[in-house]
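Here's the structure we're looking at; comments come further down.
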Amino acid sequence: MNMFEKAQPLVMDPIIYLMREYRADTRPQKINLGIGVYTSDQGITPIFTAVKKAEEKILREQDTKEYVSVSGDEGFLTQVSKLMLPKLTYGDEIAGIQTVGGSGAVRMVLECLARLGTERTLWLSSPTWPNHKGIAAATGYETRTFQYVDDKMQIDVERIIADLADAKSGDVILMHLCCHNPTGVDPTEEQLQALFEAFREKGLFPVVDAAYVGFGDELENDVAKFQRYVDAFPEVTFAISFSKNFGIYRERTGCAFLCGHDGSALKRALESMFAIARAGYSMPPDHGSRIVRTILESKALDTEWRAELSAVRNRIRGTRQELARQLSEKAPRFDWSYLRDGMGMFSLLPLTVEGVEQMKADDAIYVMPSGRINIAGLAASRLDGVVDSIARNLPG
Ligand code: LMR
């Protein structure tokens, strides 16, 4: 019997679609400002020296490739908890499991909540990372959205609360810890507390996607945001990625943390995550988590990693400011202050789909159809050309 002939073409996640299109483009001057990957001024995605050193140590010292465990490496999970949630006791107040990257962590958390019997309604910001919808669909959630920013790229708390009017108690709400993808707009402390209040009133259950810790602000300041959620809700879940902040994209390193006050309930919930892992991929890959653990366990490597992460963040911030400055000169009819002040690697440009297509066709510059630009992929030597192309293709 033939099965494959039944296959229908699928509409791909636009990020992956653009990645494929970019790779197939043979023009040597092409620039990828689509998928969120950091690129140096030399046009490569370098390996952090702290990561290289950790790998050398692993290569020297590792003496077995035996299975680790269904939950992954406990040493890694403990180190991550010390870094991200130093006030909580790992095991009693955090149930953790290693995951296949940050996407795997989002999937793990949603699937776990579904197993535990939450409402299968997931509230997402509009816009959000396209894969949130994909993961929600794959785990049987119906998605609803709230408008995250207004047309001036400002968060409108009243509007968000109004959009959540018919949310039911037990619905799940997904928040971005920092560096909102794709807008680059994060709530102020006051806005965050107002949102927390509204979520608590409605009985919404928070899932926090933490993919860009250390890309927005000083590492300590980004990290402090984890505790804000823990302080605001009796139970909260985190999906944490190490792809960007350790630059280990292809190693697929992440973890899911469930936080609460009832240690025995957490242990039971952890069993659910074990079952999900076992039935999905059995046990997670080890190399990436071993790198992270090796770095966090060594004072010297940790210091080196933090310095490299700061350099990455500062370079992105510098590019952002220069991009905003040049666009203010070349396209003064738009207010670019949101671009200048944005957090992390992404911002939305006011481009139309046609404008984006034109940039691709004329200049081999790849930007997401939504107008999302990956500022971390923009080398200084290419900035002028990119600004010209954007300015030429802006509407009106
Ligand atoms: C992005 O939004 O481009 C990144 O999070 C990478 C990805 O997997 O989509």
Report the Cα centroid-to-centroid distance between the range 179-195 and the range 75-90 in angstrom, as an integer.
24
If exposed means chymotrypsin sites (Phe, Trp or Tyr not before Pro) lying in a DSSP loop and surrounded by at most 13 other beta carbons within 10 Å, then the longest stretch of the chain lacking such sites spans residues 68-280
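I need to check one value: relative contact order of the range 194-246, counting alpha carbon pairs closer than 8 Å and at least 6 residues apart, in percent.
On the way: 44 pairs, mean separation 25.2, N = 53.
About 48 percent, as a whole number.
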What is the spin-label model distance, in nm, from Q42 to D341 if the labels are put 7 Å beyond Cα along the C-beta direction?
3.7
Starting from the amide H of D209, placed 1.01 Å from N in the peptide plane, find each other amide H under 5 Å away whose residue is 5 or more places distant or on another chain.
M175, H176, L177, A239
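Set the Förster radius R0 to 51 Å, insert the Cβ-Cβ distance between R159 and S264 as r into 1/(1 + (r/R0)^6), and round the FRET efficiency to 0.05. Show your work: numbers first, answer last.
Values: r = 40 Å, r/R0 = 0.79.
Efficiency, from the Cβ-Cβ distance: 0.80.
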What's the extension gain from K52 to E297 if we count 0.36 nm per residue and subtract their Cα-Cα distance?
86.7 nm
So for the chain, taking the charge dipole from beta-carbon charges (+1 Lys/Arg, -1 Asp/Glu), which of C112, F233, P46 sits furthest toward the positive end?
P46
Straight-line reach from K168: which lysines have Cα under 16 Å away, leaving out those fewer than 8 places along the same chain?
K202
Quick one: what are the phi-derived ³J(HN,Hα) couplings along the range 78-91, Karplus 6.51/-1.76/1.60 with θ = phi - 60°, whole Hz, x for glycine and proline?
5, 4, 5, 5, 5, 6, 8, 9, x, 7, 9, 8, 5, x
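Given a cut-off of 20 Å, what percent of all Cα-Cα pairs of the range 200-269 lie beyond it?
On the way: 913 of 2415 pairs.
Tail fraction, whole percent: 38.
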Computed helical MRE - 222 nm, the chain, DSSP H runs ≥ 4 contributing -39500 (n - 2.57), nearest 500
-14500 deg cm²/dmol
Under Karplus coefficients 6.51, -1.76 and 1.60, residue-wise ³J(HN,Hα) of the range 171-185 in Hz, glycine/proline x
5, 9, 10, 9, 10, 9, 4, 7, 6, 3, 9, x, 7, x, 9
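If each residue of separation counts as 0.36 nm, what is the full-extension length gain between E142 and A7 once their alpha-carbon separation is subtracted? List each step's numbers first, then the result.
Details: separation 135, 0.36 × 135 = 48.60 nm, distance 2.42 nm.
Length gained, E142 through A7: 46.2 nm.
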Looking at the range 24-90, which trypsin sites (Lys or Arg not before Pro) are DSSP coil and have at most 16 other C-beta atoms within 10 Å of their C-beta?
K30, K65, K87
Using each residue's phi in the range 93-107, evaluate 6.51 cos²θ - 1.76 cosθ + 1.60 at θ = phi - 60° and report the 3J(HN,Hα) Karplus result to the nearest Hz, with x for Gly and Pro.
10, 10, 9, x, 9, 6, 9, 7, x, x, 4, x, 5, 4, 4
How many angstrom lie between the Cα centre of the range 342-358 and the Cα centre of the range 199-235?
26
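Any idea what diffusion coefficient the range 226-359 gets from Stokes-Einstein, in µm²/s, Kirkwood Rh on alpha carbon pairs, 10 °C, 1.306 mPa s?
Working: Rh = 18.9 Å.
In µm²/s, the coefficient is 84.
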Alpha-carbon Debye profile of the chain, log10 I(q)/I(0) at 0.07, 0.08, 0.12 Å⁻¹
-0.33, -0.43, -0.99
Separation in nanometres of the label points that stand 7 Å from Cα toward Cβ, at Y281 and S328:
4.3
I'd like the trypsin sites (Lys or Arg not before Pro) in the range 155-262 restricted to DSSP loop residues with at most 14 other Cβ atoms within 10 Å, sorted by number.
K168
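Using a 10 Å cut-off around each Cβ, can you sort E93, E329 from fewest to most neighbouring Cβ atoms? Walk me through the intermediate numbers first.
Details: E93 19, E329 10.
Lowest count first: E329, E93.
Computed from the coordinates by the stated procedures, all read-outs in this text should not be read as laboratory data. Worth saying up front: this structure is predicted, and the values here are computed from it rather than measured. Reconstructed Cβ throughout: ideal geometry from the backbone, glycine too, with neighbour counts over all protein chains shown.
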